[in-house]
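The values are calculated or read from the model by the stated rules, or taken from the named source; none is laboratory data. Here the structure is a predicted model, which means the values were calculated and not measured. Positions of Cβ are generated from backbone atoms using ideal geometry, with glycine treated the same way; all protein chains shown enter the neighbour counts. Protein only, heavy atoms only, side chains kept; ligands, DNA and RNA dropped before computing areas. Shrake-Rupley method; radii C 1.70, N 1.55, O 1.52, S 1.80 Å.
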Amino acid sequence: MIRLQPSLFKGLTGPNITVQSVCESLQSAIELEHSTIPLYLYALYSINAEMAPEIADIIQSIAIEEMLHMTLASNLLNALGGTPQINTPDFIPTYPGPLPGGVESDLTVNLAPFSMTQLETFLNIEEPEHPIEYNSLAVGEVNLTIGMFYTAIGQAIQQLGDGAFCNPPRNQVGPDLMHEAVIVYNVETALEAINTIIEQGEGTTTSPLDGEGDELAHYYRFMQIK
């Protein structure tokens, strides 16, 4: 799994949470979601889809959902009055290298054609805190995961309350432009967006499904390939 730096959680806990601190965390989330998209697309484009249609379909579905997650994180940031910073040189990740916000020595990713080695990298990226049936955590290990990061953002937004959101909704991408996108304008819709990201990526704590029917979460779809 990706182990996130504790510094990403700064400003998301305690009695003095601010809109600015949550916006900074959401910018980090946008950078993290974006950084996975080139990895998955590079692998997808290396596959002859006629020879391996099931593998191509799985990777494509996950890449598209990562685009959705980047969109939802941007909707959240816009809803709180911030602006996603995506047109800056430091927004573009460097490959090979760590994912944004990750513990640098923990996981190095590279743009590469699809292979079993690259598949293991994808599984590391998407592995939830407690994988169902595939649990490989060492006892006593403390890991700060992507799901925990989004959970902390959601809890911080709950503390801020509905008064922190722009009214009317600001710079939102809705489901008319992207399937399953959520227009964010209050705490309830913010949590809906966050839960979509968590469940599609990791599943729920009791099921490998993404919470929206019979679709597996990303980790378990990659396990299907393996």
Subset of the range 42-60 (residues that are in a helix (DSSP H, G or I) and more than 16 Å from the chain's Cα centre (by Cα)): TYR42, ALA43, LEU44, TYR45, PRO53, GLU54, ILE55, ALA56, ASP57, ILE58
Kindly list, by first and then second residue, each pair from a residue in the range 163-182 that is farther than 25 Å from GLU199 by Cβ to a residue that is among the polar types (S, T, N, Q), limited to pairs with Cβ atoms under 8 Å and residues at least 6 apart or on different chains. CYS166/ASN78; ARG170/ASN78
Flag if ALA73 is open to solvent by less than 20 Å² (accessible area, probe 1.4 Å), in a helix (DSSP H, G or I) and more than 30 Å from GLN155 (Cα to Cα): no
Condition check: over 27 Å from ALA190 (Cα atoms), part of a helix (DSSP H, G or I), free of Cβ contacts under 8 Å to residues at least 24 places away in the same chain and out of contact with any Ser or Thr (no Cβ under 8 Å at 6 or more places or on another chain). Does THR117 satisfy that? yes
Here is a list: PRO15, PRO84. Which entry is without any contact (Cβ under 8 Å) to a residue 12 or more places away in the chain and assigned to a loop (DSSP other than H, G, I, E, B)? PRO15
Pick from the range 26-50 the residues that are under 17 Å from GLY82 (Cα atoms) and without any contact (Cβ under 8 Å) to a residue 60 or more places away in the chain: which of them is least open to solvent (accessible area, probe 1.4 Å)? ILE30
For the range 56-78, does any single residue satisfy the condition of being over 25 Å from GLY174 (Cα atoms) and either touching a residue at least 12 places away in the same chain (Cβ under 8 Å) or not β-branched (Val, Ile, Thr) (or both)? yes
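Residue by residue, here is whether (1) assigned to a helix (DSSP H, G or I); (2) open to solvent by less than 80 Å² (accessible area, probe 1.4 Å); (3) at pLDDT below 85; (4) at positive phi holds:
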site: THR121; (1), (2), (3), (4): yes, yes, no, no
site: GLU129; (1), (2), (3), (4): no, yes, yes, no
site: GLU141; (1), (2), (3), (4): no, no, yes, no
site: GLN172; (1), (2), (3), (4): no, yes, no, no
site: ASP176; (1), (2), (3), (4): no, no, no, no
site: ILE183; (1), (2), (3), (4): no, yes, no, no
Taking the options ALA56, ALA79, name whichever one is closer than 18 Å to ILE197 by Cβ, among the small types (Gly, Ala, Ser) and buried (at least 16 other Cβ atoms within 10 Å of the Cβ). ALA79
